[in-house]
């Protein structure tokens, strides 16, 4: 993508994020590349500890002090934001153009401050608007997420978990960002609240044409919202595909195992599981990082697989696919 290509709101190339520890660097995000179209939703899926949240933190530059490597290219809205200094990034990108709904975000609200005061604070800081203008804006987004406007005068403890989650989503929407990152937005909610929240997100996407990155370990939840699916494993993005292709014909053996572990209503099948444990990100194995758990592994898997581009536009990092995108027999 060039900086003039407006089809993509986000273009990430060769992104690496390593954390320094006494045992060695943790390769949380290792050479990840992808593109995201404006108005689309990318669901990043995978097991716990695979690097999903670290990828979001790398894009938002919410980094701890023990960073050993932070390299690559992140082009957002035509601008290489990796070249921004921290102050410019905070002023022009974080929250104003890329907003975040963090994991367990319903616990992010200050219990002793009214919800309205917490929601208008980012607007007063980033947009320099009047307090009355900020109040009008948050009242509008409260209606968008399906909450009564008078709830703005309540304290967080007066709202249910699902309502607090929607309040945080309203805070993210208030600044009218071009990209919203949702990190496990429904993981701490009961099933009914999860369903209600996903309906709210689908309606927001349809009405506002918002661009989302949804981080989740729940393949079923991802299907509700996703236009594209990215599968992460041990710090690598091993498959990237349009959702319609992924859910009908996942390519990477790990992706196939993930799909086989999802229960379905229309088909009576035995659920599968993936034996073994993911490798350590401090000292990951050479070659394919899934090889030790893969039933289809063969000799070539001892080498790191290249990224193969398939005819349907998907990409996959697996030696079962040759350079033309045709599957090989192991």
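Here the condition is being more than 20 Å from residue 184 (Cα to Cα) and either modelled with pLDDT under 95 or buried (at least 21 other Cβ atoms within 10 Å of the Cβ) (or both); of 27, 35, it holds for 27 alone.
Scan the range 199-219 for residues that are within 21 Å of residue 108 (Cβ to Cβ) and either surrounded by fewer than 19 Cβ atoms within 10 Å (Cβ to Cβ) or in contact (Cβ under 8 Å) with a residue 40 or more places away in the chain (or both) and the total you get is 10. Counting only helices (runs of 4 or more DSSP H) that sit wholly inside the range 212-309, those with at least 1 residues that are farther than 23 Å from residue 11 by Cα are 219-225, 253-260. Looking only at the range 1-15, decide whether some residue is over 15 Å from the mean Cα position of the chain (by Cα) and at pLDDT 95 or above. Checked against the condition, which is being over 15 Å from the mean Cα position of the chain (by Cα) and at pLDDT 95 or above, the range 1-15 yields at least one hit.
Tell me whether the range 174-185 contains one or more residues that are part of a helix (DSSP H, G or I), under 26 Å from the mean Cα position of the chain (by Cα) and crowded, with 20+ Cβ neighbours inside 10 Å. Yes. Taken over the range 154-173, the criterion of being assigned to a helix (DSSP H, G or I) and closer than 17 Å to residue 194 by Cα is satisfied by 161, 162, 163, 164, 165, 166, 167, 168, 169, 170.
For the range 312-329, taking the residues that are assigned to a strand (DSSP E or B) and within 17 Å of residue 297 (Cα to Cα), the one that is modelled with the lowest pLDDT is identified as 327.
Checking each residue in the range 40-49 for being more than 10 Å from residue 230 (Cα to Cα) and modelled with pLDDT of 95 or more picks out 40, 41. Quick check: is even one residue across the range 92-112 on the phi > 0 side of the Ramachandran plot and touching a helix residue (DSSP H, G or I) at 6+ places or on another chain (Cβ under 7 Å)? Checking the range 92-112: at least one residue is on the phi > 0 side of the Ramachandran plot and touching a helix residue (DSSP H, G or I) at 6+ places or on another chain (Cβ under 7 Å). The single condition among (1) in a strand (DSSP E or B); (2) surrounded by fewer than 17 Cβ atoms within 10 Å (Cβ to Cβ); (3) in contact with a helix residue (DSSP H, G or I) (Cβ under 9 Å, 6 or more places away or on another chain) that residue 72 does not satisfy is (2). Selection of the range 264-301 for residues being surrounded by fewer than 16 Cβ atoms within 10 Å (Cβ to Cβ) and under 23 Å from the mean Cα position of the chain (by Cα) yields 277, 280, 282.
The values are calculated or read from the model by the stated rules, or taken from the named source; none is laboratory data. On a predicted model such as this, the values are computed, not experimentally measured, just so you know. Quick reminder, even Gly has a Cβ in these numbers, built from the backbone with ideal geometry, and neighbours come from all protein chains shown.
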